[in-house]
Amino acid sequence: MITNTELEYKGNVFPSKIVSLDKDVDTLLFTTENDVALQIKVIRDSVLRFRYSTTGIFANDFSYAITKYANRGYNKLEIDEKEGVFVISTAKLICEVSKVDLKIRLFDAATQELINEDELGFHWEESYEHGGDIVKMSKVSQDGESYYGLGDKPNHLNLKGKRYENWVTDSYAYGKNTDPIYKAIPFYTGLINKKAYGVFFDNTFRSFFDFAQERRNVTSFWAQGGEMNYYFIYGPKMTDVVEYYTDLTGKPHQLPPLWALGFHQCKWSYYPESKVKEITGTFRKLQIPCDAIYLDIDYMDGFRCFTWNKEYFPDPKRMVRELEEEGFKTVAIIDPGIKIDKDYWVFKEGLENDYFCKRADGPYMKGKVWPGECYFPDFTNPKVREWWSDLFKGLIEDIGIKGVWNDMNEPAVMEVPNKTFPNDVRHNYDGNYCSHRKAHNVYGMQMARATYQGLKKFSYPKRPFVITRAAYSGTQRYTSTWTGDNIANWEHLWIANIQVQRMAMSGFSFAGSDIGGFAEQPHGELFTRWIQLGIFHPFFRVHSSGDHGHQEPWAFDEDVTVIVKKFIELRYQLLPYLYTAFWNYVEKGTPLVKSLVMFDQEDMHTHYRTDEFIFGEHILACPVLEPNAKGRRMYVPRGKWYDFWTDEIVKGGKEMWVDADIDSMPIFVKEGAVIPKYPVQQYVGEKDIEEVTLDIYYKKGKENSQFFDDAHDGYDYTKGRFSLRTFKLTGRKDQLIIQQHKEGTFKAAYKRFKIQIHGLPFEIRNIQLDNQTIQLDHLKINGWQTMVIDENFTELDLSGSL
Ligand code: GLC
């Protein structure tokens, strides 16, 4: 029997006293009298890896999560011996290892503050049934400590007082308390005394995290096999913790094509071809922007992956081309289950090459999914991934599909109690052969990886676009994701907001929910509120099961269509702002969406907030989550903010009522921000953009903003063909200066910026552009606050009188 609680430690074994210490460059090895080995590796000054063995022997060091591109290197590494402890010091952290029991204490090197400390520390139970150990770690949870992260958990943002499990699970119509669901991201951020640290438990077995639920002052985590292997990541800024974690487990390998940040329309299923065309045609007729249309499982022949139902789609290549001519990218679903059918080429190839998963005693892993009985490729085998990636040649290169959506990759199996493979299924695990107990949580990730490799190959020189439902830490390198089969109700709108924020705090920013709800049918009001939230989610897609009516922007009453259109248009205007934030995510791992606690961890009021979040660097948004609302109360974080709709200035650091009837939602812009905007387009690339608007929000003081741009697809930006503009704003009581610093060699089509100044407290008397005085009537001035200038300006200086 495997225990499910950390506390049931009747069989627990603990390390005894240290008998030796060896050092090898950046790695220390402590060995105890009872043969426990602890390896501490200094990854960087603020990242330490802790790895324990209960026998003194370590297994092959292999991880799907950690990327080879992770930054390594530290400025300082010293080891001292003091009474009772060994002390390891880096430039950021001090780590004490207790000589009697191997317990760890971690301190901030600058302030000597205790940040994190082992309670029982490492302990384990032997697992007779499976071999190996159930490995456990318990740490002291201090009063006032908060916890965040852990992927897609649908509950309160702050994890304190709860226990969670990591076991990737198909979860149709899950709810607030369903656990686990689709993703396993065993990484959390702790916040204590306004200082943040992270713990990444890189163990793919079924694992558990208990945040002071079982015992009030203890946080523990354990797994049903494998090693106690975790990374301690010190901030003290929360954004740094997430950036270091994302660096370790990987940033997306490239920017998404810009169209992937547009609006996507999906349903299970649009078919036949005439239906697809009717949908796309209606978007264009009503002038509602949309970039992607989806084909769910019914496009296939009997749900066989990589085939077409020729009755519904007689000439897919022509259809995809025609859709493309209208500005639509076609995205198609691909599931892991391969139908058992001796006349089906994919099945035959898989069988001939021995690519399918097998049970412990030899038979194939057989399970029911949409096509009926299936076999399943072992995506943990590199040869299988290579084969799988080549299967996309037809879909991508020949037919012209632009994105692939991987579903059911938990892997989901129907009509069986555990909804997935039995534990005894064998996996290659890149040569580290193992059972499903170890491979389960990475199965979907490896499928998405293989799919990504295929798209990367066959989309070249364009960028790949993949979506996955299942994920383990590191999956963000390859793909975007959605939050699975949610429900059309108000609680799920709340959940969607939490999940996307939480995913961003877990290194996986490119996420979104099925807007409107997958199961059941939303009212127009719920749909509208969900679209409003969705414009701030990196992945912006409407999807529904189709069993309960229609979910297109025009499927409700006309008011809904008008409001939804207005918000989708706003998304398209904000694309350059979002793309810049995405570039920061790809470069530095900076989350695209930041919960308030991450925006201002010093302010205790943010620690339990759930609804408000920062989109990119400068926009604050808060969805309306209740029916019949004319507005809502929300917490505006410290600083000064402009109401996006009225330009009214709000001083934050307080909770307040914000009006937001159904055609509005609370949106604020941080003072000092420069927000780049495109004109509305029906799809990315529809227009040659001749002018970019810069919305400039006056601030007394200084603020920096960025605007990244490039060709919106392809890889030229990696060779310097991008443009990164930094705008430095300096505001005084009667002067506003905006300086532009430009990097990169990309030349955009637009030659002008339309400057729109918000909140200017003085009347403009004098304008200097690059040190030349400009006559006011030489500029196109519309009122006092709008002017058009050359995109190459280096300094715009407005002064005037109060
Ligand atoms: C699963 C997916 C859903 C999809 C359906 C049919 O339920 O989560 O998005 O539409 O399968 O493929």
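Return yes when Leu729 is among the aliphatic types (A, V, I, L, M), in a loop (DSSP other than H, G, I, E, B) and more than 30 Å from Asp291 (Cα to Cα) and no when it is not. Here the answer is no, as Leu729 does not meet what is asked.
Being closer than 30 Å to Asp407 by Cα, surrounded by 18 or more Cβ atoms within 10 Å (Cβ to Cβ) and among the polar types (S, T, N, Q) narrows it down to one residue among Ser138, Ser146, Ser171; which is it? Only one candidate qualifies: Ser171. Just one of the listed residues (Gly281, Gly327) is surrounded by fewer than 23 Cβ atoms within 10 Å (Cβ to Cβ) and either more than 27 Å from the chain's Cα centre (by Cα) or among the hydroxyl-bearing types (Ser, Thr, Tyr) (or both), and it is Gly281.
Would a scan of the range 523-544 turn up a residue that is without any contact (Cβ under 8 Å) to a residue 60 or more places away in the chain, part of a helix (DSSP H, G or I), over 16 Å from Ser480 (Cα atoms) and small (Gly, Ala, Ser)? Yes, some residue in the range 523-544 is without any contact (Cβ under 8 Å) to a residue 60 or more places away in the chain, part of a helix (DSSP H, G or I), over 16 Å from Ser480 (Cα atoms) and small (Gly, Ala, Ser).
Over 30 Å from the mean Cα position of the chain (by Cα), within 16 Å of the ligand (Cβ to nearest atom) and in contact (Cβ under 8 Å) with a residue 60 or more places away in the chain, is that true of Gly337? No: the conditions fail for Gly337.
What do you reckon, is Leu261 buried (at least 22 other Cβ atoms within 10 Å of the Cβ), within 16 Å of the ligand (Cβ to nearest atom) and either within 21 Å of the chain's Cα centre (by Cα) or in contact (Cβ under 8 Å) with a residue 12 or more places away in the chain (or both)? Against the criterion (buried (at least 22 other Cβ atoms within 10 Å of the Cβ), within 16 Å of the ligand (Cβ to nearest atom) and either within 21 Å of the chain's Cα centre (by Cα) or in contact (Cβ under 8 Å) with a residue 12 or more places away in the chain (or both)), Leu261 does not qualify. Residues of the range 364-418 that are in contact (Cβ under 8 Å) with a residue 12 or more places away in the chain, in a strand (DSSP E or B) and among the hydroxyl-bearing types (Ser, Thr, Tyr): Tyr375 alone. Looking only at the range 483-515, count how many residues are more than 16 Å from the ligand (Cβ to nearest atom) and under 18 Å from Ile563 (Cβ atoms). Qualifying residue count, the range 483-515: 2. Is there a residue being touching a Pro at 6+ places or on another chain (Cβ under 9 Å), among the hydroxyl-bearing types (Ser, Thr, Tyr) and more than 16 Å from the ligand (Cβ to nearest atom) anywhere in the range 348-356? Yes, the range 348-356 contains a residue that is touching a Pro at 6+ places or on another chain (Cβ under 9 Å), among the hydroxyl-bearing types (Ser, Thr, Tyr) and more than 16 Å from the ligand (Cβ to nearest atom).
The criterion of being in contact (Cβ under 8 Å) with a residue 60 or more places away in the chain, under 27 Å from Leu575 (Cα atoms) and either within 16 Å of the ligand (Cβ to nearest atom) or hydrophobic (A, V, I, L, M, F, W, C) (or both) holds for Val320. Tyr230 meets each of the listed conditions (1) closer than 25 Å to Gly132 by Cα; (2) within 16 Å of the ligand (Cβ to nearest atom) apart from (2). Among the conditions (1) polar (S, T, N, Q); (2) surrounded by 16 or more Cβ atoms within 10 Å (Cβ to Cβ); (3) farther than 24 Å from Gln476 by Cβ, Asn409 misses just one, which is (3).
Comparison of Phe518, Phe458 shows that the only residue that is in contact (Cβ under 8 Å) with a residue 12 or more places away in the chain, assigned by TED's automatic domain parsing to the domain that holds Asp557, away from the ligand (no atom under 16 Å from the Cβ) and of a type in the set (Phe, Trp, Tyr) is Phe458. Can you name the residue in the range 743-769 that is in contact with an Asp or Glu (Cβ under 6 Å, 6 or more places away or on another chain) and without any contact (Cβ under 8 Å) to a residue 40 or more places away in the chain and, of all such residues, is surrounded by the fewest Cβ atoms within 10 Å (Cβ to Cβ)? Per the criteria, the residue is Gln768.
The values are calculated or read from the model by the stated rules, or taken from the named source; none is laboratory data. Nothing here was measured: the structure is a model prediction, and the numbers come from that model. Heads up, the Cβs are rebuilt from the backbone with ideal geometry, glycines too, and the neighbour counts pull from every protein chain shown.
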